[in-house]
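Peer 1: Right, I'll just put the structure down here and ask away after.
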Amino acid sequence: MKSPRTAKGPSAAKRKDKAVLTVGGVAVRRGESADIRLKISETYTGEEVVLPLRVVRGRAPGKVIYITAAVHGDELNGTGIIHDLLYGEPLELVAGTLILAPVVNIFGFEHNERYLPDRRDLNRSFPGTSVGSLASRVAAVIIREIILRADLGVDFHTAAFQRTNFPNVRADLTLPAVRELAEAFGVTLIVNGKGPEGSLRRAACAADVPTIILEAGEPYKIEPGILALGVRGLRNVLRHYGLLKGQPTPPPYEAKIRKTIWIRAAQGGILRFHVAPGDFIEARQAVATTYGILGEQKDVITTPSEGIVLGMTTMPAVKPGEPICHVALPAQRIARLRRENAAAKTTLQDRLRRDLATSLSVSPPTVESAD
């Protein structure tokens, strides 16, 4: 991981961290903080629907970084991470600016829903338009008032309903500035990809605002281990770009993931899991066994190659074809990554693996399964 730095040279003059930064019509000067209510829509009664933001500015110029969470209204881990960043260890910026949006999809958040009231996915609606659907109009406000005010961005997500993800950064590694940001965050798994059409990070990168996402945990929860990792990652980013003093904390190992595979059920039944999120797995290793409803063994599900468990279903009942285990295929050999992880002896990495496994019943395969 590179040492902290600040923008220098002619390019620094083009930065967006002006002496007075205006967000949602509110002017914020260097060295100040402001809570802003950004109007994004209206209710049936004509009342304003607003997005709570906090803008925090250092006294010296530097990068403007936006941090967003709950673009899907049921994905709460990122909201908790932003809270902990603000109210944990003092956040004393020496330079630059943070634009914090703990809940982007305020409609979904209020109703414990992933989507907007028009059933559209906000994270497939960017960059949006001011004359489009509700989702498109909300997306357009986010782009105009948050994304385009920033130099860089971090967006927080979790797995979808009835799934969990081991923490991983997703980033378009073909873009050097995005690659730098992804590496600065400091997690073990970095999954390469542009992101889906209409996603916030893809639209932001297309607008020349390098953006990564952290996928971690499951919806409807704020998970302590995820909070610790997310706050550490944000502080790593702020230190790397010179907004905070101090040195970043590196991960125990770093694996670039250019391909992932889903392992799916071949038969219906009840699952007994043999691996957990974050586990290293070998080729032909049993990941789960399917049993009939009266307890008879039906099928042993194995992985076709070595890899790392990126995500899993938390629903133990499956039909044929349903996903069970998402496996990351790193460029490095698993044996090497095991050695690096063991040498680092990081308690947070072990804690995450234990915590995420509490949503699953994990046990070793039986002798019958091993055959």
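The values are calculated or read from the model by the stated rules, or taken from the named source; none is laboratory data. Predicted, not measured: the structure shown is a model, and the values here were computed from it. Using ideal geometry, Cβ is built from the backbone for each residue, glycine included, and neighbour counts are taken over all protein chains shown.
Quick grid of which residues meet (1) of a type in the set (F, W, Y); (2) out of contact with any His (no Cβ under 7 Å at 6 or more places or on another chain); (3) touching a residue at least 40 places away in the same chain (Cβ under 8 Å):
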position: R170; (1), (2), (3): no, yes, yes
position: G186; (1), (2), (3): no, yes, yes
position: K194; (1), (2), (3): no, yes, no
position: E215; (1), (2), (3): no, no, yes
position: P219; (1), (2), (3): no, yes, yes
position: I226; (1), (2), (3): no, yes, yes
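Peer 1: Which condition does H72 not pass, out of (1) surrounded by fewer than 22 Cβ atoms within 10 Å (Cβ to Cβ); (2) closer than 19 Å to R137 by Cα; (3) at pLDDT 95 or above, if it passes all the others?
Peer 2: Unmet condition: (1).
Peer 1: V50 passes all but one of (1) of a type in the set (A, V, I, L, M, F, W, C); (2) under 22 Å from V138 (Cβ atoms); (3) in contact (Cβ under 8 Å) with a residue 60 or more places away in the chain; which number fails?
Peer 2: Of everything listed in (1) of a type in the set (A, V, I, L, M, F, W, C); (2) under 22 Å from V138 (Cβ atoms); (3) in contact (Cβ under 8 Å) with a residue 60 or more places away in the chain, V50 misses just condition (3).
Peer 1: Just checking, how many residues over segment 167-200 are out of contact with any Lys or Arg (no Cβ under 8 Å at 6 or more places or on another chain), under 16 Å from N236 (Cβ atoms) and outside any helix (DSSP H, G or I)?
Peer 2: Of the residues in segment 167-200, 6 are out of contact with any Lys or Arg (no Cβ under 8 Å at 6 or more places or on another chain), under 16 Å from N236 (Cβ atoms) and outside any helix (DSSP H, G or I).
Peer 1: Is it fair to say L134 is farther than 26 Å from V56 by Cα, modelled with pLDDT of 95 or more and in contact with a strand residue (DSSP E or B) (Cβ under 7 Å, 6 or more places away or on another chain)?
Peer 2: Spelling it out, L134 is indeed farther than 26 Å from V56 by Cα, modelled with pLDDT of 95 or more and in contact with a strand residue (DSSP E or B) (Cβ under 7 Å, 6 or more places away or on another chain).
Peer 1: Ok, one more. Please specify each residue of segment 319-371 satisfying the condition of being in contact with a Lys or Arg (Cβ under 9 Å, 6 or more places away or on another chain) and in a helix (DSSP H, G or I).
Peer 2: Scanning segment 319-371 gives L348, S369.
Peer 1: Looking at A13, A7, which is the one that is aliphatic (A, V, I, L, M), over 28 Å from the mean Cα position of the chain (by Cα) and either surrounded by fewer than 10 Cβ atoms within 10 Å (Cβ to Cβ) or at pLDDT below 95 (or both)?
Peer 2: Just one listed residue meets the conditions, A13.
Peer 1: Shifting gears a bit: Going residue by residue through segment 304-311, is there one that turns out to be touching a helix residue (DSSP H, G or I) at 6+ places or on another chain (Cβ under 9 Å) and assigned to a loop (DSSP other than H, G, I, E, B)?
Peer 2: yes
Peer 1: Is it true that some residue in segment 199-222 is at pLDDT 95 or above, surrounded by fewer than 19 Cβ atoms within 10 Å (Cβ to Cβ), within 28 Å of R179 (Cα to Cα) and not assigned by TED's automatic domain parsing to the domain that holds D17?
Peer 2: no
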